[in-house]
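Note sheet for the following structure.
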Amino acid sequence: MNKWHKKYRLILQILFFLFCLGGTTSLIKYREVVEIYNSFHIFTSFVSWMNLSFTFPYIIITLFVLFSPLLLGRLYCAFLCPVGFLQDIAFKFWVRLSRRKIRRSNKHIPSILIFILTVFLILNGLPYFGYIDHISNFSRIFAVFKHFSLPMLGVVVVFLSFILILPRIYPRWFCLNLCPSGAMFSLVDEKKGVRPAISKVCNSCGKCELSCPTLAIKKGEIDYNKCLNCLDCIDSCPKEAIQLVFPFRPFKKGAGFLSVLSAPFRTDRRNFFVGMATGFVAVLGSIEAVTVFLGSKVKASIVPPGANSIKDFWVKCTGCHQCISSCPTGVLVPSVEGLLTPKMNYDSSYCEYECNACLSVCPTKAISYYPLDVKKQISIGKAKIDKETCIPYIGDKDCAACAEHCPSGAVDMHKEGDIYVPVIDEHFCIGCGACQYACPVDPVRAIQVIPEEIHSIAYSPRKKSQKQKNGDIEEHEFPF
Amino acid sequence: MQKERREFFKTVAKVFSLGLLLPFENLFAKTKRKISLPKKKRDWDLVAVKGGSPAEMFVSGINAMGGMENFVKKGQTVLIKPNIGWNRPPMAGANTNPDLVGKIIELAYKSGAKRVEVFDHTCNEEIECYRNSGIEKVCRSKGAVLLPASDEKYYRKIKIPGAKIVKDALVHKSYLEADVVINVPILKQHSGARMTAAIKNYMGIVWDRRYWHRHGLMEAISEFGLIEKKPALNVVDAYFVMTRNGPRGLTSNDLIQKKMLLLSKDIVLVDTASAKVLGVSPKEIPYLKMAENLGLGTMDLKKSKIRKISIRS
């Protein structure tokens, strides 16, 4: 039996993994390609849809990936997903390493509960849904190299242990119990499409059991709740007993979504459900408490242009940190009080005027895309000068580092005696932080950017740069 | 009768031959000097060129200064220090014109330079500045080495003799190790320093600029000129002059196309001339007078030998 399914699946996984690497680390510079990359990811696209942000024409890709389980099972999970790829590799590694047979657990959290949890979090503007999204966790791994922070490292280490260590006892646990994209795929999957089935030719050798990445096969039966349609089992059977079965042929084994709910509850199943529900409510309650506590601290954060406001930002940001990876100046950093959503840090860097990288990579459109000339007029904060510490104001010395770096013409220099003092014209200030970054006063800069609660539009610098009187003269004489 | 004529002619011949001994040549010498072209070029204090492209004006200007061979000898390492401070395209007049830099690189190699280096400690992100200014492209095509400057490891601490504010500074190794330095700033109005030209261009070779802003910008700019190693030549790009909203500029309306180029070995003199081109009185720029007082050069344009060249009349 030529193992062409396994080989092609592996090749596709590797190729898509490399594509994801490029998209998530911003090695890919073309915005359109990054949009295509983002459209493959169901949950982040879903978050943007909940906020009525639809990306045409790439939404077609998202819809295809989302509804393909109707006919083809969890195709994305089996053939593309980079997180799945990592788990599959880890599982193969553990199988080789462990002489004992891998234990198997059949219980997993019903997809509908995962789905309800995430919708609840999104609707309430709680950014925790980002912690369970698979692709956001994947992006975070690389962002931690770009900007190191200890809490971030903690989150990445926890995630990697789920992905690389947990497969030892329960492969693809993340995919079946936590991943919101996976939950959505399972809800769509009616289990009536193309899938493998074991025929009577089977001689119970058990080779298919260990080849299955989710251990869905047990004692000659396939658990279709766990089956991802990767088709590795078909290749592994020496008798070719497992074959692809085509749509709408009834099965004896396998349960569809409806039958789970309609089946009468047995006592142990009911207890399981009650236990889950209680834990669920407890988790949500504590989340709310923590959020209220942190909410006030987060209001002082400055968020990138395109986010519109800190509130809107929190409702959409999954903390994937693709913006942090793409930022050329490194001004975007994970905010601890914002639960690892990004914020601007003007003491270590500034927002480059000629750049709209973060607007181009956000998968949930928490940072909406605007062309560069529009972005240049979005005001995310206003600069304020502390006259008690600003050098020209307190002494007789010239400085003007702020005016020098301001790209939008917001800092005017007014003559006071022999020196010039800076005065801010707020109409032109876009809150980019170039002034704060350049200010030589330490430890607290004499010019600070205060966040705009709701982003506004600044005056165009053209207002300060009209045509000059002798601008059209062709020839000039030497003035000496 | 014939004997007397012979005697007369002999006397005339004697007088004539005696006359030949007289220094008649001296009587005609002055006229000779007037009509003959000088074999050696005059040593100009300032050469001002106008009317051509930046590269054309440099060729003309450096010729008047005695040719590039006057500054670059065979086998030397040359540092060309332009202004690449800002992430702006060439037509924005915020950075030195890349064609000018390219021509200087070309002529340096022609004069026998072994290695030509270019760098600037930029204000915006180095990669963006180097690329969008057009300098990276021209360095690659002309074979100059574009050096990184955005890490402290490229700098070495040196003392500035006689300075009170900038007693020592971390200066880029390329500046300290090059055999010849050619300072190539662009002339602009400056919100803090009033004007940026040759002296202000020194700011791009140090690691910590904020120190200068913190402890007295004008004093620091002038004092740093006391650095032992000085540029052999200053070339001020005044093709597009940013006359307001400098040093970054808001739109192209901030520029006046002056089509000029100023060359001088005297950094204070060339800045004084630059101030006039900018349309500002040199007295209004505090660091100029301070620099003159420190002995870095002269502001006296009237007493200087200025060569004015107009390329297209």
### Task
Answer yes if at least one residue in region B:242-255 is touching a residue at least 60 places away in the same chain (Cβ under 8 Å), polar (S, T, N, Q), more than 11 Å from chain A (Cβ to nearest Cβ) and assigned to a helix (DSSP H, G or I), and no otherwise.
no
### Query
Consider B:S150 against the criteria (1) part of a loop (DSSP other than H, G, I, E, B); (2) of a type in the set (S, T, N, Q); (3) in contact with a Phe, Trp or Tyr (Cβ under 6 Å, 6 or more places away or on another chain): it satisfies all of them except one. Which criterion is unmet?
(3)
### Task
Could you list all residues from region B:256-266 that are more than 9 Å from chain A (Cβ to nearest Cβ) and within 19 Å of A:P479 (Cβ to Cβ)?
B:L261, B:L262, B:L263, B:S264, B:D266
### Query
Given the conditions (1) within 12 Å of chain A (Cβ to nearest Cβ); (2) more than 19 Å from A:I473 (Cβ to Cβ); (3) surrounded by fewer than 17 Cβ atoms within 10 Å (Cβ to Cβ), and given that B:Y287 satisfies all but one, which numbered condition is not satisfied?
(3)
### Selection from region A:1-53 of residues that are at pLDDT 90 or above and in a loop (DSSP other than H, G, I, E, B)
A:F40, A:H41
### Criterion (surrounded by 24 or more Cβ atoms within 10 Å (Cβ to Cβ) and modelled with pLDDT of 95 or more) met by exactly one of B:A198, B:A193
B:A198
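Residue check: is A:Q436 at the interface with another protein chain (Cβ under 9 Å from one of its Cβ atoms), in contact with a Lys or Arg (Cβ under 9 Å, 6 or more places away or on another chain) and either of a type in the set (K, R) or outside any strand (DSSP E or B) (or both)?
Against the criterion (at the interface with another protein chain (Cβ under 9 Å from one of its Cβ atoms), in contact with a Lys or Arg (Cβ under 9 Å, 6 or more places away or on another chain) and either of a type in the set (K, R) or outside any strand (DSSP E or B) (or both)), A:Q436 does not qualify.
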### Query
Looking at (1) of a type in the set (S, T, Y); (2) crowded, with 24+ Cβ neighbours inside 10 Å; (3) at pLDDT 95 or above, which is the one condition that is false for A:T341?
(3)
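Select from region A:447-473 the residues that are in a loop (DSSP other than H, G, I, E, B), more than 8 Å from chain B (Cβ to nearest Cβ) and either in contact with a helix residue (DSSP H, G or I) (Cβ under 7 Å, 6 or more places away or on another chain) or more than 18 Å from A:D425 (Cβ to Cβ) (or both) and list them in ascending order.
Selection gives A:A458, A:Y459, A:K469, A:D472.
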### Message
Need pairs with beta-carbon distance below 8 Å; first residue touching a residue at least 24 places away in the same chain (Cβ under 8 Å) and within 17 Å of A:L187 (Cβ to Cβ) and within region A:72-85, second outside any helix (DSSP H, G or I) and small (G, A, S); sequence gap 6+ or separate chains.
### Response
A:L72/A:G193; A:G73/A:G193; A:L75/A:S68; A:Y76/A:S68
### Message
Any residue at all in region A:411-423 that's touching a Ser or Thr at 6+ places or on another chain (Cβ under 7 Å) and aromatic (F, W, Y)?
### Response
no
### Query
Quick one: what pairs do we get from region A:49-61, first residue in contact (Cβ under 8 Å) with a residue 24 or more places away in the chain, second of a type in the set (G, A, S) and in a loop (DSSP other than H, G, I, E, B), C-beta under 8 Å, 6+ apart or different chains?
A:S53/A:S368
### Single match in B:I221, B:I182 (criterion: more than 8 Å from chain A (Cβ to nearest Cβ), in a helix (DSSP H, G or I) and farther than 26 Å from A:S348 by Cβ)
B:I221
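Looking only at region A:417-424, decide whether some residue is within 8 Å of chain B (Cβ to nearest Cβ) and part of a loop (DSSP other than H, G, I, E, B).
For region A:417-424, residues within 8 Å of chain B (Cβ to nearest Cβ) and part of a loop (DSSP other than H, G, I, E, B): present.
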### Task
Answer yes if at least one residue in region A:459-468 is surrounded by 14 or more Cβ atoms within 10 Å (Cβ to Cβ), under 26 Å from A:S379 (Cα atoms) and among the polar types (S, T, N, Q), and no otherwise.
yes
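What are the residues in region A:370-404 that are among the β-branched types (V, I, T), closer than 30 Å to A:E32 by Cβ and not in a helix (DSSP H, G or I), if any?
A:I378, A:I380
Just checking, which of A:K415, A:K384 is within 23 Å of A:E453 (Cα to Cα) and surrounded by fewer than 24 Cβ atoms within 10 Å (Cβ to Cβ)?
Numbers: A:K415 fails: within 23 Å of A:E453 (Cα to Cα).
Residue meeting the stated conditions: A:K384.
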### Summary
Log entry, pairs with first residue in region A:390-415 being facing chain B (nearest Cβ under 8 Å), second being surrounded by fewer than 24 Cβ atoms within 10 Å (Cβ to Cβ) and acidic (D, E), beta carbons closer than 8 Å, six or more apart or on different chains, reads A:A403/A:D412; A:G409/A:D425; A:V411/A:D425
### Task
May I ask you to list the residues in region A:311-332 that are surrounded by fewer than 23 Cβ atoms within 10 Å (Cβ to Cβ) and more than 14 Å from chain B (Cβ to nearest Cβ)?
A:K311, A:D312, A:W314, A:V315
### Task
Output the helices (runs of 4 or more DSSP H) that fall wholly within region B:61-147 and possess 2 or more residues being away from chain A (no Cβ under 14 Å), or say none.
B:98-110, B:135-142
#### Entry: Matching residues, region A:175-213, being of a type in the set (S, T, N, Q) and either over 21 Å from A:V119 (Cβ atoms) or assigned to a loop (DSSP other than H, G, I, E, B) (or both)
A:S199, A:N203, A:S204, A:S211
### Task
Filter region A:175-210 down to residues that are more than 20 Å from A:S68 (Cα to Cα) and either in contact (Cβ under 8 Å) with a residue 60 or more places away in the chain or of a type in the set (D, E, K, R) (or both), then give me how many there are.
6
### Task
Report yes if B:A232 is under 26 Å from B:A169 (Cα atoms), touching a residue at least 24 places away in the same chain (Cβ under 8 Å) and surrounded by fewer than 24 Cβ atoms within 10 Å (Cβ to Cβ), otherwise no.
yes
### Task
Among what's in region A:351-368 and is out of contact with any Ser or Thr (no Cβ under 6 Å at 6 or more places or on another chain), not hydrophobic (A, V, I, L, M, F, W, C) and not in a helix (DSSP H, G or I), pick the residue that is farthest from A:G330 (Cα to Cα).
A:S368
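Per-residue answers, yes or no, for (1) within 14 Å of chain A (Cβ to nearest Cβ); (2) hydroxyl-bearing (S, T, Y); (3) out of contact with any Gly (no Cβ under 9 Å at 6 or more places or on another chain):
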| position | (1), (2), (3) |
| --- | --- |
| B:K157 | no, no, yes |
| B:P161 | no, no, yes |
| B:K167 | no, no, yes |
| B:Y175 | no, yes, yes |
| B:K188 | yes, no, no |
| B:I199 | no, no, no |
### Query
Out of (1) out of contact with any strand residue (DSSP E or B) (no Cβ under 8 Å at 6 or more places or on another chain); (2) over 21 Å from A:H405 (Cβ atoms), the odd one out for B:C123 is which?
(2)
### Message
So, in region B:84-125, how many residues would count as being farther than 13 Å from B:P54 by Cβ, surrounded by 24 or more Cβ atoms within 10 Å (Cβ to Cβ) and among the polar types (S, T, N, Q)?
### Response
2
### Query
How about region A:122-174: which helices (runs of 4 or more DSSP H) wholly inside it have at least 2 residues that are surrounded by fewer than 21 Cβ atoms within 10 Å (Cβ to Cβ)?
A:134-146, A:150-160
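The values are calculated or read from the model by the stated rules, or taken from the named source; none is laboratory data. Computed from a prediction, not measured in an experiment: that's the story for all the values here. Please note: Cβ atoms are built from the backbone with ideal geometry, for glycine as well, and neighbour counts cover all protein chains shown.
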